[in-house]
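Worksheet: one structure, shown below.
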Amino acid sequence: MLRLWPENIVIGLYGENCYLWRDSMTQVFPNSEGCGEDALLGALAEILGNPAARIGKGSRLHLTVTDTNAITQALPWQEDIYRSDEIIRYAKICLADSGIKVDDKWELQAEFTNFGAMGFGFGLRRDWLRRLLALCKRYTIKLASVMPVSARAYSTFQHHRVGQVAMQFLREPTRCAALVYGENGLITYDAEPVTNDTQLSMVRLIRRVAAKCDDKWHVSVWANSPGDQVRCQELLQIQLPTAITSDLHGAWRA
């Protein structure tokens with residue numbers, strides 16, 4: 001069928017596998033180069049130039065990338081800030097309080113999606129973003145959005161059942177992260193580097209976030225490989241025996 005409108009495509013660039021989604025189709029592209037900034041751009045170029053991907057000119061790209069090269073930060077609720085520039089300035093203050101100085105080398109974005117709940121901010125290097133835009137221009141596609149995994153999870157979260165605490169548990173090769181939501185929205189965000197003892201790293205993160213809430217848990221799990229997905233769910237069921245676990249669905253996920 002002749003496509004009259006530009007196609008929306010979703011690509012995920014991660015440390016072990018990269019993914020292309022369109023409509024109900026998923027294509028997997030192994031990534032053996034790692035999750036460095038240059039490696040991710042190389043992986044994207046391979047996907048865009050692959051005839052099997054069939055990416056047409058003018059397509060709109062929604063890109064999700066590993067958290068590894070990003071700055072991520074939960075933002076305590078502030079009722080008296082509204083404009084996007086105010087929220088970004090506030091995010092810089094929150095990052096500075098956490099010991100992270102954001103200079104002109106970083107492009108920072110931040111938002112509050114729920115009134116009264118924590119917001120979320122993230123930063124990506126401007127030099128990397130310029131190279132990303134140049135790559136998209138070379139292949140004649142339009143970059144519609146780009147976010148790290150944690151920010152994409154936050155932005156796509158759907159309200160959950162009253163009386164349950166919802167967690168998005170995100171497992172990458174180099175780090176794992178957890179976003180926890182109450183009835184009004186985000187209540188905490190935490191992350192842990194993955195060491196040689198992967199299981200211990202995940203246990204530390206789970207125990208930290210579990211100590212902040214004692215309600216019923218519903219945990220949605222995302223990992224970069226099917227094997228990690230299964231192992232995460234098994235570990236969560238051990239650490240949170242009463243929790244309901246499921247795969248984290250969404251067009252950006254593996």
field: Conditions (1) more than 18 Å from the chain's Cα centre (by Cα); (2) at pLDDT 95 or above; (3) crowded, with 16+ Cβ neighbours inside 10 Å; number of the one not met by Ala210
entry: (2)
task: Return yes or no: is Leu129 out of contact with any helix residue (DSSP H, G or I) (no Cβ under 8 Å at 6 or more places or on another chain), surrounded by fewer than 20 Cβ atoms within 10 Å (Cβ to Cβ), closer than 26 Å to Ile9 by Cβ and modelled with pLDDT of 95 or more?
output: yes
field: In the stretch 186-203, the residues that are within 20 Å of Leu95 (Cβ to Cβ) and of a type outside the set (Asp, Glu)
entry: Leu186, Ile187, Thr188, Tyr189, Ala191, Pro193
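May I ask you to say which residue of Glu111, Glu172 is of a type in the set (Asp, Glu), crowded, with 16+ Cβ neighbours inside 10 Å and closer than 23 Å to Glu79 by Cα? Spell out the reasoning first.
Numbers: Glu172 fails: closer than 23 Å to Glu79 by Cα.
Only one candidate qualifies: Glu111.
Based on this model, can you work out whether Pro226 counts as at pLDDT below 90, under 26 Å from Tyr19 (Cα atoms) and not assigned by TED's automatic domain parsing to the domain that holds Gly15? Spell out how you get there, then give the answer.
Details: at pLDDT below 90: yes; under 26 Å from Tyr19 (Cα atoms): yes; not assigned by TED's automatic domain parsing to the domain that holds Gly15: yes.
When the stated conditions are applied, Pro226 passes them.
In the stretch 77-123, what residues are acidic (Asp, Glu) and more than 21 Å from Asn184 (Cα to Cα)? Before the answer, list the steps.
Step one: list which residues in the stretch 77-123 are acidic (Asp, Glu), which gives 79-80, 85-86, 97, 103-104, 107, 111.
Answer for the stretch 77-123, where residues must be acidic (Asp, Glu) and more than 21 Å from Asn184 (Cα to Cα): Asp85, Glu86, Asp97, Asp103, Asp104, Glu107.
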message: Going residue by residue through the stretch 9-21, is there one that turns out to be in the same structural domain as Ala70 (by TED's automatic domain parsing) and free of Cβ contacts under 8 Å to residues at least 24 places away in the same chain?
response: no
field: Hey, Ala134 under 10 Å from the mean Cα position of the chain (by Cα) and under 26 Å from Glu7 (Cβ atoms) or not
entry: no
field: Of all residues in the stretch 115-126 being of a type outside the set (A, V, I, L, M, F, W, C) and at pLDDT 95 or above, the one that is nearest to Ala70 (Cα to Cα)
entry: Gly123
query: Looking at the stretch 114-124, is at least one residue surrounded by fewer than 13 Cβ atoms within 10 Å (Cβ to Cβ) and either outside the structural domain of Trp217 (by TED's automatic domain parsing) or closer than 18 Å to Trp222 by Cβ (or both)?
result: yes
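Conditions tested, residue by residue: (1) closer than 23 Å to Ser155 by Cβ; (2) modelled with pLDDT of 90 or more; (3) in a helix (DSSP H, G or I); (4) not hydrophobic (A, V, I, L, M, F, W, C).
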site	(1), (2), (3), (4)
Met1	no, no, no, no
Leu4	no, no, no, no
Gly15	yes, no, no, yes
Gln27	no, no, no, yes
Ile47	yes, yes, yes, no
Leu61	yes, yes, no, no
Gln73	yes, yes, no, yes
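The values are calculated or read from the model by the stated rules, or taken from the named source; none is laboratory data. Remember, it's a predicted structure, so these values are computed and weren't measured experimentally. Every residue, glycine among them, receives a Cβ derived from its backbone with ideal geometry; neighbour counts consider all protein chains shown.
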